[in-house]
Every structure is written in structure tokens, then in C-alpha cells.
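Read through the structure below, which is laid out as C-alpha cells, and then see the notes.
Any read-out appearing in this document is the output of simple, stated calculations on the displayed coordinates, not a laboratory observation. Remember, predicted model here, so these are calculated numbers, not experimental data. So basically every Cβ, Gly included, is an ideal-geometry build from the backbone, and we count neighbours across all protein chains shown.
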Amino acid sequence: MRTVCVYCGSSPGARAEYRQAAESLAEQLVDRGFGLVYGGAHVGLMGNIADRMLARGGEVTGVIPRALVDLEVAHESLSSLEVVPDMHARKARMAELSDGFIAMPGGLGTLEELFEMLTWSQLGFHAKPVGLLNAVGFYDRLLEFLDHAAIEGFMRAEHRQLLLASQSADELLSLLGTWQPTVVPKLESR
């Protein structure tokens, strides 16, 4: 891996630990020589991870839709900022630029981006690792739900294993670095 896409909140969240997790992930990315691809904003956890990466000399590429630039949330000090027409173009470009994906705490947008990358992996549209930085147990219930979905037969056990998770940025990056694609078709012809 050379670049990691990080999905996270445009809000800081209710706990200082979320910001600390973003900063820790940034430090681990820089220490391992990885570049960051993210949503291009200067607000919330997005701004935290970008700022810490830049302060440590890391390479940061932002991809942001024109509408968000117009709302003045674009980060002005990135290594590279790409302005795209809409959210669909943003997600596609971020996926194209990235060798792996990590979701940190966030809201609907973060979840949507995470699940799109998992779905693409499940369908074989990409063979890149997808991880969850479960800071302060933020995603514990989501992980339980995914286990439940597999038990109830809505997801194969192999596809449940596509999502790597850890509360530690260091451990999560190690998991992503050793991940091997699972080749189990989602859909089988009859």
C-alpha cells in the first residue's frame, strides 16, 4: 500500500478521544510512509487527520465536490486538492487513488462510503483492504450487527471477514498490510 483513503466525520464528535484517534492514525500513516486520501475538508475529524498529516510532513490528497467548496469547507493547505462535480465522482476518484480504506467514527456519509467499499470488495470490483478504526468502541454495535447478518444468512462468513477492525491505528494498519483478498462470489449463476 502507498495510499490509504480515510473516511471520517466532518464533525469532531462528542469525545476528545475521536480527535486523538485521528491524530494517531495520521502519525502512523506518516511513520509508515503512506499518503492520505480523504474528503478534502478542513472541518471535524477530516480536518484533524489532514492537519496532523501535514504537520508531520505527510502527503495529503483531498477530493471534494464543488458544492462543498462553495460552502467554504475545503482545506486550503493540502498537498493536492481535486474538485469534482458531485459526491459520486468524489467516491469514485477517492477509490481510484487509494490502495486501502479506513473508516473512523463518523455519521451517515462515513457509513455510506464504508459500505460502498465493502460492497465493491464483496462483488469483486476491487481487491483492496477495508478497515474500521473502532476508536473508543464507537463501532462495537455495528460489528455485532454484521455478525448477526452473517448468522442470519444475509452475508457469507467470508464476506463478513472483509471488514478488518481494531481500536489501535497501528494494529489496523498492520492488518491492512497483511490482508489477502477473499475470492468468494457474492452471486452464483444457476
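Ordering Ile64, Leu175, Ile49 by Cα displacement along the dipole of the chain toward the positive end leaves Leu175 in first place; charges were set at the Cβ atoms of Lys, Arg (+1) and Asp, Glu (-1). For the chain, the longest principal axis of the C-alpha atoms and the axis of helix 44-55 are separated by about 70°.
If you average the sequence gap of Cα pairs under 8 Å that are 6 or more apart and divide by the length of the chain, what percent do you get for the contact order?
Answer for the chain is 22 percent.
Could you work out how far the C-alpha centroid of segment 128-155 sits from that of segment 19-42, in angstrom? Segment 128-155 and segment 19-42 have Cα centres separated by 22 Å. Under a Gaussian network description of the chain, with springs only between Cα atoms under 10 Å, the residue in Pro65, Pro85, Pro129 that fluctuates furthest is Pro85. The 3J(HN,Hα) values that the Karplus relation (6.51, -1.76, 1.60; θ = phi - 60°) gives for segment 102-112 are, in residue order, 9, 9, 9, x, x, x, 4, x, 4, 5, 4 Hz. Gly and Pro appear as x.
Amide H to amide H, with H built 1.01 Å from N, Cys5 comes under 5 Å of Val37, Asp99, Gly100, Phe101, Ile102, counting only residues 5 or more places away or on other chains. Note that segment 133-145 has calculated 3J(HN,Hα) couplings of 7, 8, 4, 6, x, 3, 9, 3, 5, 5, 5, 4, 4 Hz, one per residue in order, obtained from phi through the Karplus relation 6.51 cos²θ - 1.76 cosθ + 1.60 (θ = phi - 60°); glycine and proline are x.
Under a 5 Å amide H cut-off, with hydrogens placed 1.01 Å from N, His75 pairs with Ala41, His42 among residues at least 5 apart or on other chains.
Among Met94, Met117, Met155, whose mean-square fluctuation peaks in a Gaussian network model of the chain (Cα, cutoff 10 Å)? Highest fluctuation among the options: Met155. Pairs of Cα atoms nearer than 8 Å and 6+ residues apart set the relative contact order; for segment 19-65 it is 45 percent. Mean-square fluctuations from a GNM of the chain, with a 10 angstrom spring cutoff on Cα atoms, peak among Glu27, Glu72, Glu59 at Glu72.
Can you sort Val63, Val83 so the residue with the fewest Cβ neighbours within 10 Å comes first? List each step's numbers first, then the result.
Details: Val63 24, Val83 16.
Ranked by crowding around the Cβ, least crowded first: Val83, Val63.
Here's how it looks for Gly58: its modeled amide H is under 5 Å from none belonging to a residue 5 or more places away or on a different chain. Please label the shape of the chain as rounded, prolate or oblate, based on the square roots a ≥ b ≥ c of the eigenvalues of the alpha-carbon gyration tensor (a/c under 1.5 means rounded; beyond that, a/b larger than b/c means prolate, else oblate). It comes out prolate by the Cα gyration axes.
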